Amino acid sequence: LARQPAPGHRRIPLGVNLGKSKVTDISRATEDYLASFARVADFADYVALNVSSPNTPGLRQLQEEDRLRELLGAIAAANRARTRRVPLLLKIAPDLTFRQIDAVLGAIAEFGFDGIIATNTTLARPGGFATANQAGGLSGRPLRRKSTEIVNYIARATAGRLPIIGVGGIEDVA
């Protein structure tokens, strides 16, 4: 990374996705994110806090309102203390209810996050797909309708003022 142009001067932005370590207990998750943030923020054009990976034990518990506010508040404070503030985004799961998404949006607004990434992979297994019985997160075509609904909901709920990065996985080789 030292040979790349500085953040803000690259042709392609460098986004860094942070999640807690799989061996970190949920009670120490904020501390884990803060340590990672301190190591990568100088190199990133933006940092995404991932609280939605179904493959990291306990990670999705960070989408609970109290834990989410603790995490977002700590990272926002660390970011404000930096010489160069890095844009912050939050990556959420498609398995949240609209009420839970409202709480997430409230925390994002309260702590001045710059955007949201909607959505990561789902734990749900919609029928009719060959991958329905496999473990881990599911993305792509089975998630398209749900992800689109969530992106639409967030856009309406924020009156289009919150940047949304819509994701949903790879559908084919093209």
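The values are calculated or read from the model by the stated rules, or taken from the named source; none is laboratory data. Everything quoted here is computed from the prediction, not taken from an experiment. A quick note on method: Cβ atoms are made from the backbone with ideal geometry, for glycine too, and the neighbour counts reach across all protein chains shown. These accessible areas exclude ligands, DNA and RNA; they are computed on the full protein's heavy atoms, side chains included. Shrake-Rupley method; radii C 1.70, N 1.55, O 1.52, S 1.80 Å.
Taking all protein chains as present, what is the carbon and sulfur share of the accessible area of the stretch 13-53, in % to the nearest whole number, probe 1.4 Å?
Carbon-and-sulfur percentage of accessible area, whole number: 51.
Stretch Val167-Ala81 to full length: gain in nm at 0.36 nm per residue minus the Cα-Cα span?
Details: separation 86, 0.36 × 86 = 30.96 nm, distance 3.04 nm.
Separation in residues times 0.36 nm, less the Cα-Cα distance, equals 27.9 nm.
So for the stretch 1-54, averaging the separation of alpha carbon pairs under 8 Å that are six or more residues apart and normalising by length, what relative contact order in percent results? Please list the in-between numbers first.
Working: 51 pairs, mean separation 26.2, N = 54.
Relative contact order comes out at 49 percent.
Would you compute, for the Cα atoms of the stretch 1-121, the largest minus smallest coordinate along each principal axis and list the three values in descending order, in whole Å?
The Cα atoms of the stretch 1-121 stretch 41, 29, 28 Å along their principal axes.
For Ser21 and Arg156 in one chain, what is 0.36 nm times their gap in residues minus the Cα-Cα distance, to one decimal in nm?
45.2 nm
Go through Asp25, Asp66, Asp114 and list them by solvent-accessible area, largest first, probe radius 1.4 Å. Show your work: numbers first, answer last.
Values: Asp25 90, Asp66 130, Asp114 55 Å².
Output order, biggest surface exposure first: Asp66, Asp25, Asp114.
Among Ala6, Ala35, Asn17, whose Cα projects farthest towards the positive end of the dipole of the stretch 1-51, with charges put on the beta-carbon of Lys, Arg (+1) and Asp, Glu (-1)?
Of Ala6, Ala35, Asn17, it is Ala6.
Taking the solvent-accessible surface of protein heavy atoms with a 1.4 Å probe, what is the per residue accessible area of the stretch 32-128 in Å²?
43 Å²
Using a 1.4 Å probe, how large is the accessible area of Lys22, given in Å² and rounded to the nearest 10?
150 Å²
Rank Arg99, Arg144, Arg11, Arg69 by accessible area, highest first, at a 1.4 Å probe radius?
Descending accessible area places them as Arg11, Arg99, Arg144, Arg69.
If you find the alpha carbon centre of the stretch 104-118 and of the stretch 28-66, how far apart are they in angstrom?
14 Å
When each pair of different Cα atoms in the stretch 68-124 is counted once in the 1/r mean, what is the Kirkwood radius in angstroms, to one decimal? Walk me through the numbers on the way to the answer.
Details: mean 1/r = 0.0827 Å⁻¹.
Its Kirkwood hydrodynamic radius stands at 12.1 Å.
Charges only on Cβ, +1 for Lys and Arg, -1 for Asp and Glu: so what's the dipole of the stretch 1-112 about the Cα centre, in debye to the nearest 20? Could the numbers behind the result be given before it?
Numbers: 16 positive and 12 negative charges, 121 e Å.
It comes to approximately 580 debye.
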